[in-house]
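Chemist: Can you keep this structure in mind? I'll have questions shortly.
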Amino acid sequence: MPLTRRRFLAASARAAAAAWLAPSEARRFTVPFVDEGAFPLERTIGEGLGRRRALDLSTLNGEALLIRQERFFIRTGCPDRLPPVDSWKVVLHGLVEAPLEVSIGWLWREAAPMGEHLLECAGNSRALHFGLMSAAAWSGVRLERLLARMRRRPGATRVLVSGFDDHTRLDRGSLAGASWIFGLEELLAAGAFLATGMNGGPLAPDHGHPVRLVVPGWYACTAIKWVNEIVLVDDRAAPTGHMREYAARTHQDPVAPALARDFRPATIDPAAVPVRVEAHAGPEGGLVYRVVGLQWGGPPAGEGLSIRLNPDHAYRPVQEAAHAGSMPWALWSHEAGRLRPGRYRIDLAFAGRTRRTRRLDRGFYAREVVIEAG
Ligand SMILES: Nc1nc2c(c(=O)[nH]1)N[C@H]1C(S)=C(S)[C@@H](COP(=O)(O)O)O[C@H]1N2
Ligand SMILES: [Mo]
């Protein structure tokens with residue numbers, strides 16, 4: 001392809017993306033999703049284990065897909081009994097020749113940019129408007145570097161990562177104590193790191209200050225906050241209470257595996273959700289509708305995302321953001337044109353179906369709107 005044509009195509013793709021990603025002057029109104037309950041968005045509620053904050057996904061636009069810490073979703077607030085962070089240390093022990101203590105000072109000195117990654121709570125749901133999900137640019141130290149500082153004993157196949165979780169106030173819906181046992185190879189292959197910073201600043205208390213785990217591509221129940229202990233264990237280790245709490249939500253089969261090694265990696269399959277339905281003035285009067293949404297969970301490359309408005313309609317490809325492949329999540333849009341009054345259920349699917357999409361397959365991220373006459 002001649003360079004000029006390629007440049008032209010790139011420029012027009014960018015212009016097209018910019019046109020629908022920018023908050024449009026012509027937008028008349030946003031059609032609300034129905035039957036999702038009244039969970040508050042963009043507001044921090046509750047204390048300690050019960051603290052929650054959900055992001056309003058409908059506000060996402062253009063390039064601004066990294067979420068400031070003040071807006072980043074929260075599941076569990078900073079424990080009120082957290083020890084002083086300046087003397088924080090992470091203790092590594094278990095099946096190793098000698099235990100090791102890593103000071104927070106060392107982690108702060110060694111911290112480097114770790115890239116942009118998304119966290120999604122495995123308990124994200126329609127009742128939370130799918131707002132337990134956010135992306136940020138992280139900094140920290142790869143776990144590989146800590147593990148390389150220790151001589152492992154034979155049989156050390158798994159890694160237990162635990163965080164501080166001593167709260168005065170308990171929560172009916174959550175167990176205290178967050179820890180996850182990973183296969184050593186899986187953890188290293190995922191590029192797991194101990195994060196000390198987010199979006200250029202230190203972690204906020206509610207996001208794990210002074211140090212948390214991030215396992216790119218895995219559900220955030222594995223992203224242990226206030227990490228204080230890393231233990232090398234063997235294949236006989238039983239799953240932790242936190243793993244059992246999250247077994248169903250991380251698609252374990254059977255739902256209660258007897259051993260940690262029987263847990264599947266808690267990875268996020270490719271997924272997509274509509275975030276707003278915009279009504280615009282149509283060219284011949286009346287209203288035309290545009291659906292804007294997100295896609296995330298693994299590289300979308302080569303597998304077009306398709307949308308369907310109601311089960312009796314055919315799937316049609318969406319218009320994707322040009323740079324989707326390099327981002328932890330990306331916006332897409334779909335021009336739905338004129339719509340008859342009525343109720344619409346919006347479903348998404350990846351056309352090629354070459355990859356596992358467990359949640360999309362069961363309609364987990366479907367949302368509904370009611371289009372009124374006019
Ligand atoms: N110590 C500790 N770490 C934890 C949890 C917890 O309750 N305690 N919750 C986990 C869950 S279920 C999620 S979804 C993420 C949420 O991270 P965030 O609040 O920074 O968004 O933290 C994880 N790490
Ligand atoms: Mo979670």
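The values are calculated or read from the model by the stated rules, or taken from the named source; none is laboratory data. Fair warning: this is a prediction, and the values are worked out from it, not measured in the lab. Positions of Cβ are backbone-derived with ideal geometry, glycine not excepted, and every protein chain shown enters the neighbour counts. To get the accessible areas, we keep the full protein, side chains included, count just its heavy atoms, and leave off ligands, DNA and RNA. Shrake-Rupley method; radii C 1.70, N 1.55, O 1.52, S 1.80 Å.
Chemist: Which value in nm describes the separation of the simple spin-label points at Glu36 and Ala148, placed 7 Å from the Cα toward the beta carbon?
Modeler: If labels sit at Glu36 and Ala148, their model points lie 4.4 nm apart.
Chemist: What number, rounded to the nearest 500 deg cm²/dmol, is the helix-based mean residue ellipticity at 222 nm of the chain, given -39500 (n - 2.57) per DSSP H run of at least four residues and division by all its residues? Walk me through the numbers before you get to the answer.
Modeler: Values: 6 runs with 47 residues, N = 374.
The per-residue figure over the chain is -3500 deg cm²/dmol.
Chemist: Report the calculated FRET efficiency for Ala112 and Arg340 (r = Cβ-Cβ distance, R0 = 51 Å), to the nearest 0.05. Kindly include the intermediate steps, with their values, before the conclusion.
Modeler: Working: r = 54 Å, r/R0 = 1.07.
Result of the calculation: an efficiency of 0.40.
Chemist: Label-point separation (nm) for Ile45 and Ala373, each offset 7 Å from Cα along Cα-to-Cβ?
Modeler: With each label placed 7 Å out from Cα toward Cβ, I get 3.6 nm.
Chemist: Round to a whole number: what % of the accessible area of segment 66-136 belongs to carbon and sulfur, probe 1.4 Å? Can you show the working numbers first?
Modeler: Working: 1650 of 3030 Å².
The nonpolar share, carbon plus sulfur, comes to 55 percent.
Chemist: For segment 232-241, just list the computed ³J(HN,Hα) in residue order, Karplus coefficients 6.51, -1.76 and 1.60, θ = phi - 60°, integers in Hz, with x standing in for Gly and Pro.
Modeler: 7, 10, 10, 5, 8, 4, 7, x, 6, x
Chemist: Rounded to the nearest 10 Å², what accessible area does Tyr344 have for a 1.4 Å probe in the complete protein model?
Modeler: Result for Tyr344: roughly 20 Å² accessible.
Chemist: Could you pull out every residue, at least 5 positions away or on a different chain, whose amide H is within less than 5 Å of the one on Ala122? Hs are placed 1.01 Å off N in the peptide plane, and Pro or chain starts have none.
Modeler: Ala220, Cys221
Chemist: For the chain, what does the accessible surface come to per residue with a 1.4 Å probe? Please give it in Å².
Modeler: Heavy-atom accessible area per residue stands at 45 Å².
Chemist: Moving on. Kirkwood Rh over alpha-carbon pairs of segment 190-287, then Stokes-Einstein at 4 °C and 1.567 mPa s: what D in µm² s⁻¹, rounded to an integer?
Modeler: Working: Rh = 16.6 Å.
Once the numbers are plugged in, D ends up at 78 µm²/s.
Chemist: Pairing the Cα long axis of helix 3-21 with the longest principal axis of the chain, what angle in degrees results, from 0 to 90 and rounded to the nearest 10?
Modeler: Once rounded, one gets 90 degrees.
Chemist: If you roll a 1.4 angstrom probe over the protein chains with everything in place, what fraction of the accessible area of segment 205-274 belongs to carbon and sulfur, to the nearest %? Please list the in-between numbers first.
Modeler: On the way: 1160 of 2190 Å².
C and S atoms contribute 53 percent here.
Chemist: Take the Cα radius of gyration of the chain and divide it by 2.2 N^0.38 Å, with N its residue count; two decimals is plenty.
Modeler: In units of the globular-protein estimate, the chain measures up at 1.07.
Chemist: Ser179's amide H: which non-local residues (gap 5+, or another chain) put their own amide H closer than 5 Å, with H modeled 1.01 Å from N in plane and none for Pro or chain starts?
Modeler: His242, Met243
Chemist: Could you work out the relative contact order of the chain? I mean the mean sequence separation of Cα pairs under 8 Å and 6+ apart, divided by the number of residues, in percent.
Modeler: Values: 840 pairs, mean separation 63.8, N = 374.
In percent, rounded to a whole number, it is 17.
Chemist: How large is ³J(HN,Hα) for each residue in segment 70-80, as worked out from phi by the Karplus curve 6.51 cos²θ - 1.76 cosθ + 1.60 (θ = phi - 60°), to whole Hz, x for Gly and Pro?
Modeler: For segment 70-80, the Karplus curve yields 5, 9, 4, 4, 10, 9, 5, x, 4, x, 5 Hz.
Chemist: In Å and from the alpha-carbon atoms only, list the Rg and Dmax of segment 84-182.
Modeler: That works out to 16.8, 48 Å for Rg and Dmax.
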